[in-house]
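Step one of this worksheet: look at the structure below.
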Amino acid sequence: MNDSSARDAVFRSRFLLATGAWAVLVAAVLVAVPLGFESRLPDPLAAHWGPSGEPDGSMPFAVFVLTALLWVLVAGAGLGATAAGRVAMRRAARRGLTAALGWSGVLLIGLQATTVAANLDRRRWEDAASLGWQAVVVIFAAFAAGGLGWLAGRPGPDERPVAAGPAPESLVLNQGERPVWVSAAASPVGTGVALALLAAAVSLAVCALVGLPPQLWIGAALLALVGLSGLWLTSIRVKVSPEAFTVSYGPLRWPTRSVPIGGLDRAWTEERHPADVGGWGYRGLPGRTTIMIRGGECLVVRYTSGGELGISVDDAARGAALINALVAGKN
């Protein structure tokens, strides 16, 4: 094992130890706090509050303690992926994991603390204190913890994909070959904002689900809609095969648009940036459109109908060369 591999192994072990310690700490708090106050809590205890802020639903104490299982599932999945793969070696994945662990851990602790405080020293769950503004505090604290987690995941190594070699200026396709080119691009900033909005939506939904004002469902729905739209608009995948030129949108690769190779005239690359096309996302007018995910080299295709489409993807020169070779083979 060389020095670099040894350092990576040490860092990975320390990262797993730190995240594992956080997971155990949160689980311990989720179990210890309600058990520590068991004698001062009613059974069942208030677990849902109506629009007026007054309690209108209850939960057995044993079920309340078992909410710690939710955290075990969340943290276990993240730590399992870290232990089995290369998450600890990739900064973006590492920061995503630490942000998620920080956000979800503090969210669950905050909700539990709010519920315990409202039920403390009450004879019946119906006598629990009213709730309202506490949801804002819990959500703010969860996002602050997520932000700290994001920062905590920054130090350390960052594996990057090996850069592709120089693209050939032209390709010669041999008889019987079936070449395929696939490339993709994503906006880390846009994806981060979209995920933050989805996290906010989940926070509001969880707060509403456990009993805080049900009006929070409206905010959760709006944030979820914007967040999902953002995810759809911040990543793209392009595939060139002998049959078609295919563009897929979003992390689920849906929707997909395919154009037969016979419908393409030619392809080339251009340097395009957001300032050149009017901003990020889907810019331009029908007939000349750019899908701007990140500034830099773009693959540009011209249809036989005369329209053009530019897409900011990696290794664009190689994709253009393959398209031109396939178009030439059709003629």
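The values are calculated or read from the model by the stated rules, or taken from the named source; none is laboratory data. Bear in mind that the values here come from a model prediction, so they are computed numbers and not experimental data. All Cβ positions, even for glycine, are placed from backbone atoms using ideal geometry, and neighbour counts span all protein chains on display. When the accessible area is computed, the model is the full protein with side chains, heavy atoms only, and any ligands, DNA or RNA have been set aside. Shrake-Rupley method; radii C 1.70, N 1.55, O 1.52, S 1.80 Å.
Name every residue in the stretch 36-45 that is hydrophobic (A, V, I, L, M, F, W, C) and either farther than 10 Å from Phe64 by Cα or in contact with a Cys (Cβ under 6 Å, 6 or more places away or on another chain) (or both), in order of residue number. Those that are hydrophobic (A, V, I, L, M, F, W, C) and either farther than 10 Å from Phe64 by Cα or in contact with a Cys (Cβ under 6 Å, 6 or more places away or on another chain) (or both): Phe37, Leu41.
Annotation: of all residues in the stretch 1-52 being at pLDDT below 80 and open to solvent by 70 Å² or more (accessible area, probe 1.4 Å), the one that is nearest to Leu101 (Cα to Cα) is Arg7. Here Leu204 clears all of (1) closer than 22 Å to Val313 by Cα; (2) hydrophobic (A, V, I, L, M, F, W, C); (3) touching a residue at least 40 places away in the same chain (Cβ under 8 Å) except the condition numbered (1).
The set of residues in the stretch 292-322 being basic (Lys, Arg) and within 12 Å of Trp181 (Cα to Cα) consists of Arg318 alone. Is the stretch 123-134 home to any residue that is modelled with pLDDT under 85, part of a helix (DSSP H, G or I) and either open to solvent by less than 20 Å² (accessible area, probe 1.4 Å) or at negative phi (or both)? Checking the stretch 123-134: at least one residue is modelled with pLDDT under 85, part of a helix (DSSP H, G or I) and either open to solvent by less than 20 Å² (accessible area, probe 1.4 Å) or at negative phi (or both).
Whenever a residue of the stretch 61-82 is free of Cβ contacts under 8 Å to residues at least 60 places away in the same chain, its partners that are β-branched (Val, Ile, Thr) and part of a helix (DSSP H, G or I), lying with C-beta atoms within less than 6 angstrom and at least six residues away or across chains, give the pairs Ala68/Val31; Trp71/Val26; Ala81/Val87. The condition of being modelled with pLDDT under 90, closer than 20 Å to Val182 by Cβ and hydrophobic (A, V, I, L, M, F, W, C) does not hold for Trp280.
Looking at the stretch 53-104, which of its residues are open to solvent by less than 20 Å² (accessible area, probe 1.4 Å), under 18 Å from Leu209 (Cβ atoms) and under 18 Å from the mean Cα position of the chain (by Cα)? Result: Ser104, single match.
Given the criterion open to solvent by 30 Å² or more (accessible area, probe 1.4 Å), of a type in the set (A, V, I, L, M, F, W, C) and in contact with a helix residue (DSSP H, G or I) (Cβ under 6 Å, 6 or more places away or on another chain), identify the matching residue among Trp217, Trp254.
Details: Trp254 fails: in contact with a helix residue (DSSP H, G or I) (Cβ under 6 Å, 6 or more places away or on another chain).
Going through Trp217, Trp254 in turn, the sole match is Trp217.
Residue check: is Arg257 modelled with pLDDT of 90 or more, under 22 Å from Ala186 (Cα atoms) and of a type in the set (Lys, Arg)? Against the criterion (modelled with pLDDT of 90 or more, under 22 Å from Ala186 (Cα atoms) and of a type in the set (Lys, Arg)), Arg257 qualifies.
Can you confirm whether the stretch 263-284 contains a residue that is among the β-branched types (Val, Ile, Thr), closer than 18 Å to Arg237 by Cβ, open to solvent by less than 50 Å² (accessible area, probe 1.4 Å) and under 32 Å from the mean Cα position of the chain (by Cα)?
Within the stretch 263-284, none of the residues are among the β-branched types (Val, Ile, Thr), closer than 18 Å to Arg237 by Cβ, open to solvent by less than 50 Å² (accessible area, probe 1.4 Å) and under 32 Å from the mean Cα position of the chain (by Cα).
Quick check: is even one residue across the stretch 232-245 within 30 Å of Gly192 (Cβ to Cβ), touching a strand residue (DSSP E or B) at 6+ places or on another chain (Cβ under 6 Å), modelled with pLDDT of 90 or more and open to solvent by 30 Å² or more (accessible area, probe 1.4 Å)? Looking through the stretch 232-245, at least one residue is within 30 Å of Gly192 (Cβ to Cβ), touching a strand residue (DSSP E or B) at 6+ places or on another chain (Cβ under 6 Å), modelled with pLDDT of 90 or more and open to solvent by 30 Å² or more (accessible area, probe 1.4 Å).
Looking at the structure I just gave you, is Gly165 within 27 Å of Asp8 (Cβ to Cβ) and either assigned to a helix (DSSP H, G or I) or modelled with pLDDT of 85 or more (or both)?
Here the answer is no, as Gly165 does not meet what is asked.
Out of Arg257, Arg302, one residue alone is assigned to a strand (DSSP E or B), farther than 30 Å from Ala196 by Cα and either among the basic types (Lys, Arg) or in contact with a Cys (Cβ under 8 Å, 6 or more places away or on another chain) (or both). It is Arg302. Pairing each residue of the stretch 218-229 that is more than 19 Å from Ala208 (Cα to Cα) and modelled with pLDDT of 80 or more with any residue that is of a type outside the set (A, V, I, L, M, F, W, C) and not in a helix (DSSP H, G or I), provided the two are 6+ apart or on different chains, yields C-beta distances under 9 Å for Leu228/Gly250. Regarding the stretch 184-206, can at least one residue be identified that is modelled with pLDDT of 85 or more, part of a strand (DSSP E or B) and in contact with a Gly (Cβ under 7 Å, 6 or more places away or on another chain)? There is no residue in the stretch 184-206 that is modelled with pLDDT of 85 or more, part of a strand (DSSP E or B) and in contact with a Gly (Cβ under 7 Å, 6 or more places away or on another chain).
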